[in-house]
Structures are given as C-alpha cells and as structure tokens.
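The values are calculated or read from the model by the stated rules, or taken from the named source; none is laboratory data. This one's a predicted model, so the numbers in the text were calculated from it and none came from an experiment. Cβ placement follows ideal geometry from the backbone for every residue including glycine, while neighbour counts extend to all protein chains displayed. Only protein heavy atoms, including side chains, enter the accessible area calculation; ligands, DNA and RNA are left aside. Shrake-Rupley method; radii C 1.70, N 1.55, O 1.52, S 1.80 Å.
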Amino acid sequence: MYTLDEQALLDRLLRLELKLGAQWIRERAGVPWFRLNKQDLTDEWESYFFRMIGAADMHTNDDVKERILAAAKTEGRGKAAYLCFLFIQEHGWERAKSEYPHNTWYRHLRVIRDAGLGDADIAAGKVVPLRRRIIECQNVQSWPHLFQLAA
C-alpha cells in the first residue's frame, strides 16, 4: 500500500523505458554484453530520449536561430538549416522532407538537433515560446531517492 505522499510523487513521474535487444548488443554496443556497465546503458538511454525531448531552453525564435547558427560548422550551413526549420514551420514535416534531397535533409536535421531541438520540436515545426526544459530526466533508484529529488 502506498502512502498519500508517495502517490503524489508518483503522479509526477513519467516512465521512459528503452529496450536494447540482442541486435543492439551485437552491432552497436561496441563491447561484449558482459562488459557493459550501468554508465554505458545510462548513456544509451540519454542519447535516445534526449533526442526526442531536446536539451536546450529556448525563449524566442531568435534563440532558435542563434542556436542553429552556432551548432553548424559554417555560417552557410547554419543559415540553410535554419531556413529548413522555417520551411518545416510553414509547410510541415512531410512536405519539407519531400522538397529537400535526402542527404541535405538529414544534414539539416543533424544541425537542428545539435542546436538542442528535439524531434517533437522539429516535427511540430515550432518551439513553444518561453520553452523550458519541463521534463527533468532523472533515474529514480529508490523511494528515499524519489523523496530527495522532490525536496
């Protein structure tokens, strides 16, 4: 039976599970399964979910532009990636994807993601103004740990 305090804390949790199967262990882990440690798995989890969530605070469209320009290797690549993001805002993900050559599309997406935007931001084509990182990713290990994080 859970106490009311525990239930209130559980109400604020979001469970994000990542299944890493045999193929991942064989092809992408880089080490035999018995050499994987907790940090390897945590890093893979963060890599997967931070891509969706996004890792940056964005306040205005100017912030988005500055971050995209800063994330690009060259000014031209940054401007092109930002124009791609604007195209997504105007016409949507599918139309934008169909208008760009395959390699160019993914090059722009890499720059936009490196700027801290998650897939949800890109697919929607907009970043909510005054966006904050609402989802704080923490691995909760126990009830005392959960209470400590809530304090």
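On the stretch given as the stretch 71-96, residues that are within 25 Å of Y48 (Cβ to Cβ) and either acidic (D, E) or open to solvent by 80 Å² or more (accessible area, probe 1.4 Å) (or both) total 2. Pairing each residue of the stretch 80-94 that is under 15 Å from A115 (Cβ atoms) with any residue that is open to solvent by 50 Å² or more (accessible area, probe 1.4 Å) and acidic (D, E), provided the two are 6+ apart or on different chains, yields no C-beta distance under 6 Å. Residues in the stretch 65-76 that are touching a Leu at 6+ places or on another chain (Cβ under 9 Å) and in contact (Cβ under 8 Å) with a residue 24 or more places away in the chain: R67, I68. R51 - would you say it is modelled with pLDDT of 75 or more and out of contact with any Pro (no Cβ under 6 Å at 6 or more places or on another chain)? Against the criterion (modelled with pLDDT of 75 or more and out of contact with any Pro (no Cβ under 6 Å at 6 or more places or on another chain)), R51 does not qualify. Taking the stretch 11-35 as the range and being closer than 26 Å to L146 by Cα and surrounded by 11 or more Cβ atoms within 10 Å (Cβ to Cβ) as the test, the residues that pass are L13, L16, L18, L20.
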